[in-house]
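**Student:** Next up is a structure, given as structure tokens.
The values are calculated or read from the model by the stated rules, or taken from the named source; none is laboratory data. Bear in mind the structure is a predicted one, so any value in this text is a computation, not a measurement. Here the Cβ positions follow ideal geometry from the backbone for every residue, glycine too, while neighbour counts run over all protein chains shown. Just the protein is used for accessible areas: all its heavy atoms, side chains included, with ligands, DNA and RNA removed. Shrake-Rupley method; radii C 1.70, N 1.55, O 1.52, S 1.80 Å.
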Amino acid sequence: MNVGTTKAERTRNFIIEKTAEIFNRKGYAGTSMSDITEATGLTKGSIYGNFENKEEVALAVFEYNRSLVFNTVQAELEKAETYFDKLMVYGHVYRDVITSVGNRGGCPILNTAVEADDTNVPLQLCAAKALFSWKKNIVGIIEKGAEAGEFRQGVNAEQMAVSIIALIEGGVMFSKVTNDYGNMDHVLATVQALVRVIKA
């Protein structure tokens with residue numbers, strides 16, 4: 001518990017943490033206020049006293065679920081000493097991430113993107129923002145790696161970044177649908193092969 005947090009902030013965080021897995025598993029449309037009150041033990045009045053509506057809870061929960069994945073990856077990126085090693089993080093850390101998010105209902109970005117497509121613009125925009133941020137991070141690693149001489153000159157960083165993300169998210173989907181996370185190993189091996197191709 002942070003010393004500086006107010007009671008209202010603690011209550012908001014409590015609601016987010018208690019409903020994060022429910023929203024991730026059931027989706028925005030499938031999660032009811034009854035699900036939220038049951039998970040938190042709070043009344044509807046208390047929920048609405050901290051969030052304007054269910055959509056606001058869903059948006060906060062999405063950011064919370066996204067940050068769980070991001071923080072796991074970020075911790076590994078910070079350990080990597082070279083840009084090549086940083087890029088290779090994406091080729092192995094998602095084996096652990098997929099196991100973790102699999103137990104919590106799957107990848108929040110993928111789940112939200114599929115559910116919110118053309119039906120919930122705020123959630124769709126959140127998923128898009130998360131993907132753009134992810135792409136920007138990978139592009140940055142590739143561009144800095146090229147400047148440092150670790151990657152070949154002339155590599156299309158954006159194409160590579162989008163390909164890596166698409167492979168990983170596709171692997172998550174394939175693994176979840178088939179309930180066989182060994183499929184993720186094949187995908188991540190391809191990600192690693194792509195990274196090796198651009199090594200100088």
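**Student:** Hey, what's the chain come to in accessible area per residue, 1.4 Å probe, Å²? Before the final figure, lay out each step's value.
**Tutor:** Details: 10750 Å² over 200 residues.
With the other protein chains kept in place, the chain gives 54 Å² per residue.
**Student:** With n ≥ 4 as the cut-off for DSSP H runs, can you work out [θ] at 222 nm for the chain, using -39500 (n - 2.57) per run divided by the number of residues, rounded to the nearest 500?
**Tutor:** Roughly -25500 deg cm²/dmol at 222 nm, from the helical runs in the chain.
**Student:** Once a ≥ b ≥ c are taken as the square roots of the eigenvalues of the Cα gyration tensor of the range 16-72, is the result rounded (a/c under 1.5), prolate (a/b larger than b/c) or oblate (a/b not larger than b/c)? Kindly include the intermediate steps, with their values, before the conclusion.
**Tutor:** Details: a/c = 1.91, a/b = 1.67, b/c = 1.15.
Judged from the Cα gyration tensor, the range 16-72 comes out prolate (a/c at least 1.5, a/b above b/c).
**Student:** Considering Cα pairs under 8 angstrom that are at least six residues apart, work out the relative contact order of the chain and quote it in whole percent.
**Tutor:** Details: 192 pairs, mean separation 43.7, N = 200.
It rounds to 22 percent for the chain.
**Student:** Would you mind checking the pairs K54/K176; K54/K136; K136/K176; K18/K54; K26/K135; K79/K199 and listing those with alpha carbons more than 24 angstrom apart?
**Tutor:** Numbers: K54/K176 27 Å; K54/K136 30 Å; K136/K176 26 Å; K18/K54 14 Å; K26/K135 27 Å; K79/K199 20 Å.
Listed pairs above 24 Å: K54/K176; K54/K136; K136/K176; K26/K135.
**Student:** Here is a follow-up. Taking the Cα centre as origin and putting +1 on Lys and Arg beta-carbons and -1 on Asp and Glu beta-carbons, what dipole magnitude results for the chain, to the nearest 20 debye? Write down the numbers at each step before the final one.
**Tutor:** Numbers: 21 positive and 24 negative charges, 36 e Å.
With Lys and Arg at +1 and Asp and Glu at -1, about 180 debye.
**Student:** Can you tell me the 0 to 90 degree angle between the C-alpha axis of helix 7-30 and the longest principal axis of the chain, rounded to 10?
**Tutor:** 70
**Student:** Carbon and sulfur: what percent of the chain's accessible surface (1.4 Å probe)? Numbers along the way, then the final one.
**Tutor:** Working: 5730 of 10750 Å².
With neighbouring chains kept in place, the figure for the chain is 53 percent.
**Student:** Please work out the C-alpha center-to-center distance from the range 142-163 to the range 32-96 and express it in whole Å.
**Tutor:** The distance from the Cα centre of the range 142-163 to that of the range 32-96 comes to 29 Å.
**Student:** For A29 and A80, FRET efficiency with R0 = 45 Å and r from the beta-carbon atoms, rounded to 0.05?
**Tutor:** That gives a FRET efficiency of 0.70.
**Student:** Sorted by mean Cβ packing within 10 Å, highest first, what order do the peptides 48-56, 136-144 take? Present the calculation step by step, with values, prior to reporting the outcome.
**Tutor:** Values: 48-56: 14.4, 136-144: 17.8.
Most protected by this proxy first, the peptides run 136-144, 48-56.
**Student:** Full-extension gain between F14 and K144, please, as 0.36 nm times their residue separation minus the C-alpha to C-alpha distance. Spell out each step's value before the answer.
**Tutor:** Values: separation 130, 0.36 × 130 = 46.80 nm, distance 3.94 nm.
Working it through step by step, the gained length comes to 42.9 nm.
**Student:** Hey, another quick one. For a quick size check, give me the Cα extents of the range 155-200 along its three principal axes, largest first, whole Å.
**Tutor:** 37, 16, 5
**Student:** Please pull out the direction-averaged projected area of the chain, using the convex hull of its alpha-carbon atoms, in nm² to one decimal place.
**Tutor:** So the Cα hull casts an average projection of 12.5 nm².
**Student:** Sort 183-189, 86-92 by the packing proxy (mean of other Cβ within 10 Å over each peptide's residues), most packed first. Write out the running numbers ahead of the final one.
**Tutor:** On the way: 183-189: 17.3, 86-92: 21.4.
Averaged packing, sorted descending, gives the order 86-92, 183-189.
**Student:** Right, another one. Determine, from the Cβ-Cβ distance of Q153 and S67 and an R0 of 45 Å, the FRET efficiency 1/(1 + (r/R0)^6), rounded to the nearest 0.05.
**Tutor:** It comes to 0.80.
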